[in-house]
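Here the structure is laid out as structure tokens; the discussion comes afterwards.
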Amino acid sequence: MKVAIFGLGYVGLTAACCLSKEGHSVLGFDVSATKVQNINMGICPIIEPGLDDLLRNGISAGLISAYTEIGARLADREAAIVCVGTPSGVDGAHDMRFIAEVSRQIAAHVDHNRATPLAVVYRSTVRPGTMEELVAPIFQAALGPHFNNAVELVYNPEFLRESSAIADYFAPPKIVIGTSNGQSSNAMEALYARIKAPRFVTHFAEAEITKLVDNTWHAVKVSFANEIGRLCLQLGVNPETAHKIFISDTKLNLSAYYLRPGGAFGGSCLPKDVRALQSISADCGANTPLIDSLMRSNEAHKFRLLQLATDGLPPGASILLAGVAFKTGTDDLRESPNVDLARALLRGGYRLAIFDPTVDAHKLVGANLGYAWSHLPQLASLLVSRDEAETRHFDRVIAANGTASQLRLPANQDLVDLTNLAKTGSEHHVEHAA
């Protein structure tokens, strides 16, 4: 392919060199005349293992050349990859000036009458909405309402790590391609034809948020590990041994488990153990703000779930809560987020019924009984049978755990599923087919 790259910093130059290794022709553009001059001389402006050799090879093969001015050089290009910086602004948000400026320049130099659209591929980290609310309007203003005839906008986040960037380019953890319609791009398929990795083709916004989610999660992992390390040192525990034991569990500790957006955590273990670790940390002076924030974050999530559950319902509406126990198939009510949800619904003036076939208010014992009666003393009068749950009219059914799947509800039943926000997204009202 014939490719142009805008921004010859760490990401852009790595992409240029790796593309040339695959035989692609690359024109690089950068505002720094010194950088452009050095690149054309085969002098790598950044330190990255193996990159200087790739650059020299690309230059000698005539596959890499760099410029400060665009001119008419986009005429034969099939893709233009944007790798300019998006540094933090004074308010912490991304500074989008470079994205806006390079978009304006590309739009000004694209031929309106191209035989095939130029794929303009953005790799810079941006907030969701950037492609539709900033980039697309710039191209539309320059090229007119039918700008899609001249350009194809794509968002394609990068996953390069310093010191292993070349290996990461050819063996990425995933390939994410965002387009306006969520459909595949021929140019991107050609660009990644030789690279094998899990591939996701989606809409702009889902692709845009990917890097933010990844990097924030990485920051959470680093902070968590460091807080546990501080705690271990304060307690005289060997942090290396604790670490080895922790990472040995790839079924739960290092896996996709617990990472699906859905219900708040609860039950007899997680809240208790988090509070205990917070207490231990405070007692020994380890200072663990991430761990200290976990319960507050969980309470905030409970409130958001309540908002989703009652969105559009007037006080006094009839609600069936499907599932009150912590997990489907158990009668454990201890610190169940669904008990908190039931209490909040009653406080909100809703007419509440609960279906949970495993919960018998008269058979609860021990701590489970104590928790139920102290937090939801009306439980016995709220529980309804399967027959009543399926035949009685409810303004809304709330699926709080998997119990709702056991019911045969009317096809037009207003159902809000709180168990899998990753699936329902903003469209949390769904029709339940019989």
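Set side by side, the residues Gly402, Gly348, Gly366 differ, and just one is small (Gly, Ala, Ser), closer than 11 Å to Ile319 by Cβ and surrounded by fewer than 18 Cβ atoms within 10 Å (Cβ to Cβ), which is Gly348.
Look at region 345-370: where a residue is under 19 Å from Glu390 (Cβ atoms) and a partner is open to solvent by 30 Å² or more (accessible area, probe 1.4 Å) and hydroxyl-bearing (Ser, Thr, Tyr), sitting 6+ places away or on another chain with Cβ atoms under 9 Å, you get Phe355/Ser385; Asp356/Thr328; Pro357/Ser385; Thr358/Thr328; Thr358/Thr330; Val359/Thr330.
Being surrounded by fewer than 16 Cβ atoms within 10 Å (Cβ to Cβ) and either under 12 Å from Leu333 (Cα atoms) or touching a strand residue (DSSP E or B) at 6+ places or on another chain (Cβ under 6 Å) (or both) is the filter here, so list the residues in region 354-363 that pass it. Thr358, Asp360, listed by residue number. Scan (1) within 26 Å of Lys363 (Cβ to Cβ); (2) touching a helix residue (DSSP H, G or I) at 6+ places or on another chain (Cβ under 8 Å); (3) of a type in the set (A, V, I, L, M, F, W, C) for the single condition Leu270 breaks and write down its number. The number of the failed condition is (2).
Filter region 131-152 for residues that are open to solvent by 10 Å² or more (accessible area, probe 1.4 Å) and within 28 Å of His218 (Cβ to Cβ) and give the result. Across region 131-152, the qualifying residues are Glu132, Glu133, Leu134.
Restricting to region 378-396, count the residues that are closer than 13 Å to Arg351 by Cβ and in a strand (DSSP E or B).
Going through region 378-396 one residue at a time, the tally reaches 1.
The C-beta contact set for region 262-276 (first residue among the charged types (D, E, K, R), second residue modelled with pLDDT of 90 or more and surrounded by fewer than 17 Cβ atoms within 10 Å (Cβ to Cβ), distance under 8 angstrom, 6+ apart or interchain) comprises Arg275/Met295.
Does Glu132 fit the bill of being among the charged types (D, E, K, R) and in a helix (DSSP H, G or I)? Spelling it out, Glu132 is indeed among the charged types (D, E, K, R) and in a helix (DSSP H, G or I). Only a single item in (1) assigned by the TED database to the domain that holds Leu352; (2) within 30 Å of the chain's Cα centre (by Cα); (3) more than 14 Å from Gly262 (Cβ to Cβ); (4) surrounded by 17 or more Cβ atoms within 10 Å (Cβ to Cβ) is not met by Asp331, and it is number (2). Filtered by the rule that a residue be open to solvent by 40 Å² or more (accessible area, probe 1.4 Å) and not basic (Lys, Arg), region 312-328 gives Gly312, Pro314, Pro315, Phe326, Thr328. Residues that are open to solvent by 50 Å² or more (accessible area, probe 1.4 Å), outside any strand (DSSP E or B) and touching a residue at least 12 places away in the same chain (Cβ under 8 Å) were ranked within region 76-100; the one that is farthest from Glu189 (Cα to Cα) is Phe98.
If a residue must be outside any loop (DSSP other than H, G, I, E, B) and touching a Gly at 6+ places or on another chain (Cβ under 7 Å), how many such residues does region 326-344 contain? I'd like the intermediate steps shown before the answer.
Narrowing region 326-344 to residues outside any loop (DSSP other than H, G, I, E, B): 337-344.
Add one more test, that the residue is touching a Gly at 6+ places or on another chain (Cβ under 7 Å), and what stays is 337-338.
Qualifying residue count, region 326-344: 2.
Give the residue, chosen from Ala66, Ala33, that is open to solvent by 20 Å² or more (accessible area, probe 1.4 Å) and modelled with pLDDT of 95 or more. Full working, then the answer.
Values: Ala66 fails: open to solvent by 20 Å² or more (accessible area, probe 1.4 Å).
Residue meeting the stated conditions: Ala33.
Contact map, region 148-164: first residue of a type in the set (S, T, N, Q), second residue open to solvent by 20 Å² or more (accessible area, probe 1.4 Å), Cβ cut-off under 8 Å, separation 6 or more or different chains; pairs are Asn148/Pro117; Asn148/Ser180; Asn149/His112; Asn149/Arg114; Asn149/Pro117; Asn156/Arg123; Ser163/Pro49; Ser164/Pro49.
The values are calculated or read from the model by the stated rules, or taken from the named source; none is laboratory data. Please read all numbers here as calculations on a predicted model, not as lab measurements. FYI the Cβ positions are ideal-geometry reconstructions off the backbone, even for glycines, and counts take in every protein chain you see. With ligands, DNA and RNA removed, areas are computed over all heavy atoms of the protein, side chains included. Shrake-Rupley method; radii C 1.70, N 1.55, O 1.52, S 1.80 Å.
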